[in-house]
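Have a look at the structure below, then the notes.
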Amino acid sequence: MATDAPPPEHSTDTMRDQPTTEAYLEAQKSAEFAELRRSHRSFAFPLTVAFVTWYLVYVLLCNYAGDFMGTKIAGNINVALVLGLAQFATTFLIAWFYSRHAATKLDPKAAAIKSRMEADA
């Protein structure tokens, strides 16, 4: 059976040395890593709080403002349906914003840290 075969032998010339635990701890303490974390947190935390608040407002409106949520907008479409669909739109919009933020702000910083660690290993 193919899964019983031993792993392929690699020479030490073809394998890169992996960074040590100490190297990871040193990178974690660096100003560059702190800036990466700050950039991530300053984006992710406020959007998370905003979205959870928006979701809870929707749930509370559904529970305690039934007359308002049942208000017809057009045909059988009411406020609850529109706000419920807006929850999906908001989710995709936040995912798109985060993807753009990560590609422009986070990924270059993370790549710089990674390349520095790999060069030191």
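The values are calculated or read from the model by the stated rules, or taken from the named source; none is laboratory data. These figures come from a predicted structure and were not determined experimentally. Glycine gets a Cβ as well: all are built from the backbone with ideal geometry, and neighbour counts include every protein chain shown.
Restricting attention to the stretch 48-78 and to residues that are farther than 26 Å from PHE97 by Cα and β-branched (Val, Ile, Thr), the residue that is nearest to the chain's Cα centre (by Cα) turns out to be ILE77. Comparison of ALA119, ALA112 shows that the only residue that is out of contact with any Cys (no Cβ under 8 Å at 6 or more places or on another chain), within 30 Å of SER30 (Cβ to Cβ) and exposed (fewer than 11 other Cβ atoms within 10 Å of the Cβ) is ALA119.
Here SER99 meets the list (1) under 15 Å from the mean Cα position of the chain (by Cα); (2) surrounded by fewer than 12 Cβ atoms within 10 Å (Cβ to Cβ); (3) of a type in the set (S, T, N, Q); (4) under 30 Å from ASP17 (Cα atoms) almost entirely, failing just condition (4).
Within the stretch 70-94, residues that are free of Cβ contacts under 8 Å to residues at least 60 places away in the same chain and surrounded by 13 or more Cβ atoms within 10 Å (Cβ to Cβ) sit with their Cβ atoms under 6 Å from residues that are outside any helix (DSSP H, G or I) and of a type in the set (Lys, Arg), at 6+ positions apart or across chains, in these pairs: ASN78/LYS72.
Residue count for the stretch 17-36, restricted to those that are assigned to a helix (DSSP H, G or I) and more than 15 Å from ALA111 (Cβ to Cβ): 10. A search for C-beta distances below 8 Å between a residue of the stretch 37-61 that is within 16 Å of THR91 (Cβ to Cβ) and any residue that is of a type in the set (Gly, Ala, Ser), counting only pairs 6+ apart in sequence or on different chains, returns TYR58/GLY84.
Could you tell me whether PHE33 is surrounded by 10 or more Cβ atoms within 10 Å (Cβ to Cβ) and modelled with pLDDT under 95?
yes
Applying the selection to the stretch 35-47, what residues are of a type in the set (A, V, I, L, M, F, W, C) and farther than 18 Å from ALA103 by Cβ? Within the stretch 35-47, PHE45 is the sole residue that qualifies. Filtering the stretch 103-121 to residues that are closer than 24 Å to PHE51 by Cα, free of Cβ contacts under 8 Å to residues at least 40 places away in the same chain and aliphatic (A, V, I, L, M) leaves only ALA103.
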